[in-house]
1. Would you confirm whether any residue within the stretch 100-112 is β-branched (V, I, T), on the phi < 0 side of the Ramachandran plot and either exposed (fewer than 14 other Cβ atoms within 10 Å of the Cβ) or at pLDDT 95 or above (or both)?
2. From the list V54, V70, which one is touching a strand residue (DSSP E or B) at 6+ places or on another chain (Cβ under 9 Å) and assigned to a helix (DSSP H, G or I)?
3. With respect to D86, determine if the residue is among the charged types (D, E, K, R), under 24 Å from K105 (Cα atoms) and in contact (Cβ under 8 Å) with a residue 60 or more places away in the chain.
4. Taking the stretch 1-39, which residues are part of a strand (DSSP E or B) and of a type in the set (V, I, T)?
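The values are calculated or read from the model by the stated rules, or taken from the named source; none is laboratory data. Note that this is a predicted model, so its numbers are computed, not measured. Cβ placement follows ideal geometry from the backbone for every residue including glycine, while neighbour counts extend to all protein chains displayed.
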Amino acid sequence: MKWYRRLYLGEQAKSAKYKMFGMIRKGRFQSDTFLIMLPSNPNNVLDIISANYVLQPHFKKKTYKEDLYVVGLAKGQGEAMELVRDIVDEVYNKTGGVDIAEYLKFGRDRKR
């Protein structure tokens, strides 16, 4: 699993981010923690999954984890949806489009 260097965090996730990271890395069950990731399907804008999804046995194989690119972390599904909206708004306002992968790869890192 790869993490975006300037990870987007929801308001509630900001206060608990270190605990959430620790639980994810240790492979522990977490209620109400959601990962915002670059889409697995090119027709999607972003994927929202429960952090518990990556606890499934097939994610223990390195090849599956390498395909996951986390760009945001949220506490609760509602906060995850708000965070996705914020990301899409930011990308649209800066580029006029919704190519989030391109923006995160080039636009955001170069300007800071």
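1. Within the stretch 100-112, not a single residue is β-branched (V, I, T), on the phi < 0 side of the Ramachandran plot and either exposed (fewer than 14 other Cβ atoms within 10 Å of the Cβ) or at pLDDT 95 or above (or both).
2. V54
3. Yes: the conditions hold for D86.
4. T33, I36
Table: residues versus (1) aromatic (F, W, Y); (2) surrounded by 13 or more Cβ atoms within 10 Å (Cβ to Cβ).
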{"residue": "M23", "(1), (2)": "no, yes"}
{"residue": "K26", "(1), (2)": "no, no"}
{"residue": "F29", "(1), (2)": "yes, no"}
{"residue": "D32", "(1), (2)": "no, yes"}
{"residue": "P42", "(1), (2)": "no, no"}
{"residue": "D47", "(1), (2)": "no, yes"}
{"residue": "L73", "(1), (2)": "no, yes"}
